[in-house]
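The values are calculated or read from the model by the stated rules, or taken from the named source; none is laboratory data. In this text, all values refer to a predicted model and were calculated from it rather than measured experimentally. Cβ atoms come from the backbone with ideal geometry, glycine included; neighbour counts cover every protein chain shown. Remember, those area values only see protein heavy atoms, side chains included, never the ligands or the DNA or RNA. Shrake-Rupley method; radii C 1.70, N 1.55, O 1.52, S 1.80 Å.
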Amino acid sequence: MYLRQYWAKFGPTTLFVLLWSSGAIFSRWGLDNGSSFAILTWRFIIALAFLSFLCIQRHRFLPPKGSRLKTAWVGLLIIGGYSICYLLALANSITPGMLATIMGVQPIITLWIIERNFTATRLLGLLIALAGLVLVVAQSLFNTSLSLTGMIYALVALLCMSFGAISQKKLQLAPMDALPLQYVVSLVLCLLFVPFQPFRASFDIGFIIPVLWLAMIISVVAQLLLYRLLTTGNLVNVTSLFYLVPGVTALMDYIFLGNKMSWLSLAGMGAIIVGLLFVFKKPKAIIVEETVD
């Protein structure tokens, strides 16, 4: 009974963070056997094929009329634009640590845009979590060499994810109603870049397994979980979960690949958890006492 209650309350969030964090491990494996745009293209194709199969089962592919153009636009932002600019930032000398730090500004942007009367506690929590994120990725930050082109792509990725998440929240569509069309337009956008980018795929186990994981587990299962969280939860709280991803990825890297976490990373994870406690803390209700004459 207790486990069922825990899963209902925290299960989707926990599963999302674990699955999303695994994406970096499988991406690194796949990049040893293929180029980034080959992985992204096949990832989108397989994800779309899997979603199409699910749509056949539910006898519906497109979202309701009147919301299709907006759904497609949101998909271009949160899936296509974000994924492509993220890859191009990495390809132009921006390290994963620097990119993670830039993307860490997203919850603060979201807070500033949608919560006009946000509390100082929430802002403090986000800043503490951002500082913790910097500690987690400190080694990568120290090794970075800034590139103007790479920074531009990183900032565009930040804007795509920030405004894409806000727009997805406003759509108020069931995740399966939005995702298939969004992957159609994202795949088209990706194919427009392919002629101008390296395209190499080995099609051995080191390429196929990562692509299948990224396509079906990350692009479908984790993305559906993200959309569910965006639909039912507070937008700032949901986007702040991304602070956990680099630390959980580092933990997976240690568990599965044996790469030890530094004390700096562990301290950063602690700071992130403390920061998120401030972010998720509910403000105390103000009790107004009535006087009776």
What is the diffusion coefficient of the stretch 190-243 in µm²/s, taking the Kirkwood radius over Cα pairs and the Stokes-Einstein relation at 37 °C with a viscosity of 0.692 mPa s?
239 µm²/s
Can you pull the percent of Cα pairs in the chain with separation above 27 Å?
43 percent
Taking Rh as the Kirkwood radius computed over C-alpha pairs, what is the Stokes-Einstein D of the stretch 77-230 at 25 °C in a medium of viscosity 0.890 mPa s, expressed in µm² per second?
142 µm²/s
Cα-only Debye scattering, the stretch 233-273: base-10 log of I(q)/I(0) at q = 0.15, 0.18, 0.26, 0.30 Å⁻¹:
-0.40, -0.54, -0.85, -0.99
Please compare each pair in Lys260/Lys282; Lys65/Lys169; Lys169/Lys282; Lys65/Lys170 to a cut-off of 27 Å on the Cα-Cα distance and tell me which ones are over it.
Lys260/Lys282
Hey, any idea what % of the chain's accessible area is carbon plus sulfur with a 1.4 Å probe?
70 percent
What accessible area per residue, rounded to a whole number of Å², is obtained for the chain using a probe radius of 1.4 Å?
53 Å²
Heavy-atom accessible area ranking, 1.4 Å probe, most first, across Leu214, Leu62
Leu62, Leu214
Using Cα pairs under 8 angstrom and six or more residues apart, how large is the relative contact order of the chain, in percent?
38 percent
At q = 0.11 Å⁻¹, work out log10 I(q)/I(0) for the stretch 37-145 with the Debye formula, treating every Cα as an identical point scatterer and leaving solvent out; two decimals please.
-0.58
Count charges around Pro64 for me, please; just the other residues with Cβ under 13 Å from its Cβ, Lys/Arg as +1, Asp/Glu as -1.
+3
Would you kindly state how much longer the chain becomes between Val188 and Arg58 on full extension, computed as 0.36 nm times their sequence separation minus their alpha carbon distance, in nm to one decimal?
44.4 nm
Computed about the Cα centre, the charge dipole of the chain from +1 Lys/Arg and -1 Asp/Glu charges at the Cβ has a magnitude in debye, to the nearest 20, of 520 debye
When only the heavy atoms of the protein chains count and the probe is 1.4 Å, how do Asp32, Asp204 rank by accessible area, highest first?
Asp32, Asp204
Suppose only helical runs count, i.e. DSSP H with n ≥ 4. What mean residue ellipticity at 222 nm does that imply for the chain under -39500 (n - 2.57) per run, divided by all residues and rounded to the nearest 500 deg cm²/dmol?
-23000 deg cm²/dmol
Just how much of Thr232 is accessible, in Å², when a 1.4 Å probe is used and the result is rounded to the nearest 10?
110 Å²
Segment Lys281-Lys70, extension gain: residue separation times 0.36 nm, minus the distance between their alpha carbons
72.6 nm
For the stretch 16-92, what is the convex hull volume of the alpha-carbon atoms per residue, in Å³?
117 Å³
